[in-house]
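The values are calculated or read from the model by the stated rules, or taken from the named source; none is laboratory data. Only a predicted model underlies this, so the values are computations on that prediction, with no experimental measurement involved. A quick note on method: Cβ atoms are made from the backbone with ideal geometry, for glycine too, and the neighbour counts reach across all protein chains shown. These accessible areas exclude ligands, DNA and RNA; they are computed on the full protein's heavy atoms, side chains included. Shrake-Rupley method; radii C 1.70, N 1.55, O 1.52, S 1.80 Å.
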Amino acid sequence: MKKFLFAPAVLLIGLISCNSGTGNESSSSDSTSSQNDTTTMQADSSHTAMNTTTMDALPAVPAGAKVYFKNLKDGQTVSSPLKVEMGATNISVDSAGTIKQNSGHFHIIIDDGDSTASGVVVRKDSTHLHFGNAQKEATVTLSPGKHRLALQFADGIHRSYGSKLSEAITLNVKK
Ligand SMILES: [Cu+2]
């Protein structure tokens with residue numbers, strides 16, 4: 001009797017790893033011209049929730065303190081770029097960084113309301129300008145037409161003093 005030892009060495013080592021890139025070179029670039037000439041960047045107002053109760057309280061607004069546009073009046077017609085002089089009475093203008101009593105820095109808010117609510121950090125974007133180096137003058141570029149400009153004072157960590165330390169005016173920008 002013969003035994004036929006079949007050794008079916010059917011070792012399928014065919015683990016051919018197909019990791020070479022398939023020739024799919026369609027880099028999806030839809031260059032449909034999306035040219036918005038109205039650059040209104042008022043999309044997200046969501047990152048203003050930074051006021052925790054554990055941090056230092058917002059300094060009190062000193063008696064008689066106010067801020068104002070020194071060189072501009074409500075309803076004035078101006079040309080752009082526009083020089084803006086910012087004034088503060090009974091409160092000092094300092095650099096941002098630390099919370100100090102009787103102190104803060106200016107912000108200009110363009111076309112987004114007359115003030116930021118008290119204690120809320122002023123947004124920082126192209127229409128919410130911070131002057132954290134204690135600037136009292138700024139140059140602002142505005143498109144022709146009517147614009148609402150708000151001057152907002154805030155403490156060293158950008159928390160608004162609210163409407164008590166703000167002023168808002170409407171300007172008419174010439175073409
Ligand atoms: Cu600020």
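Descriptive notes on the structure:
- At R0 = 25 Å, FRET efficiency that the Cβ-Cβ distance of ASP74 and GLN101 yields, to 0.05: 0.20
- Estimated from the Cβ-Cβ distance and a Förster radius of 25 angstrom, the FRET efficiency linking ASN172 and LYS124 is about 0.40.
- Approximate spin-label separation LYS146-LYS164, in nm, with each point projected 7 Å along Cα-to-Cβ: 3.1
- Largest-first ordering by accessible area, 1.4 Å probe, given options PHE106, PHE131: PHE131, PHE106
- Within region 66-173, percent of DSSP bridges classed antiparallel, to nearest 5: 90
- Label-reachable residues, region 138-175, where backbone N falls under 19 Å from a point 7 Å from ALA63's Cα toward its Cβ: 164-165
- In region 66-173, the portion of solvent-accessible area held by carbon and sulfur atoms comes to 45 percent [1.4 Å probe, whole percent, DNA, RNA and ligands not counted].
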